[in-house]
Amino acid sequence: MPYLILGLVLFLGVHSVRIVAEDWRSRTIARMGAGAWKGVYSVVSLVGFVLIVWGFSQARMTPMQLWSPPTGMRHLAWLLTWLAFVMLAAAYVPGNAIKARLHHPMVLAVKTWALAHLLANGNLGHVVLFGSFLVWAVFDFSAARRRDRAGQVVYPPGRALPTVVTVVVGTLAWAGFAMWLHGWWIGIRVIG
C-alpha cells in the first residue's frame, strides 16, 4: 500500500498544481520555460503512474475487504464506465455537443470512472485508488469551472455528426476495453 499511496501523491499532486497553485505554476513556467515544465511534469507523472500500478498490484495480492457490493453494482459500473468512455472521447472529438455542454468531459470521465469502480469494489486498495481519483476529479472540475468563469470562456455549440462520432468512438473503446483489454492489462475480465 505505501507504493500506491506514494504514486497517488506524485501523480495526483502534479496534476493538482493548477488547482492549488495556479500563480506559482505560471511563474515557474515563465522562469523554466514551457518545455522544461512539461518535461518535469511528465517525468513526475510517469513515476507516479508506475508506482500506482505497482502499488495497486501489491495491494490486490493481499486484499482487505471492507464491504461486499451487491451484484447490481457491477451492472451500474458497466453503465457508468460506458458514460466515462463517451465523455473521454468527447474531450478529443472536435465540435461535439457533449463537450459543448459539459465543458470538461475528461475530468468528468475520471470522476465517473472512479465512482463506478468504487461502487463495484469494496476492498481497501480499490477505495484508496479510486477514492483518491474521485476526490481529485471533484476538486479539478470545480477549479476548471472557476477558471472558465474568470476567463469568460465560451464553448462553441456542438454539431450532430461529431456528437454521433463521439458516442460511437466512446462505445467502441468501452467495448474493447471491457471485453479484452481490462482482462489483459488489469487481470480482471469484466465481460466475456
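Every number in this text was worked out from the coordinates using simple rules, so none of it is lab data. Everything numeric in this text was worked out from a predicted model, so none of it was measured. No Cβ is skipped: glycine too gets one built from the backbone with ideal geometry, and neighbour counts run over all protein chains shown.
Structural remarks
- Expressed as a whole percent, the proportion of Cα-Cα pairs in region 83-192 lying more than 16 Å apart is 65%.
- Shown here for region 129-192: trypsin sites (Lys or Arg not before Pro) in loop regions (DSSP other than H, G, I, E, B) with at most 12 other Cβ atoms within 10 Å, namely Arg189.
- Segment Ser16-Val138, length gained on full extension (0.36 nm per residue, minus Cα span): 42.8 nm
- R0 of 41 Å, Cβ-Cβ distance Arg27-Val53: FRET efficiency to nearest 0.05: 0.80
- Spatially, region 135-181 and region 73-91 are offset by 11 Å when compared through their Cα centroids.
- Extension gain, Thr71 back to Tyr41 (0.36 nm per residue minus Cα-Cα distance, nm): 6.8 nm
- Using R0 = 45 Å, the C-beta based FRET efficiency linking Asn123 and Arg159 works out to 0.55.
- Helices of the chain meeting both criteria, an alpha-carbon length of 20 angstrom or more along the long axis and an average Kyte-Doolittle score not below 1.0, with helices taken as full DSSP H segments, are 34-61, 72-90, 105-120, 160-176.
- With the alpha-carbon atoms of the chain aligned to their principal axes, the span from lowest to highest coordinate is 46, 43, 25 Å, starting with the largest.
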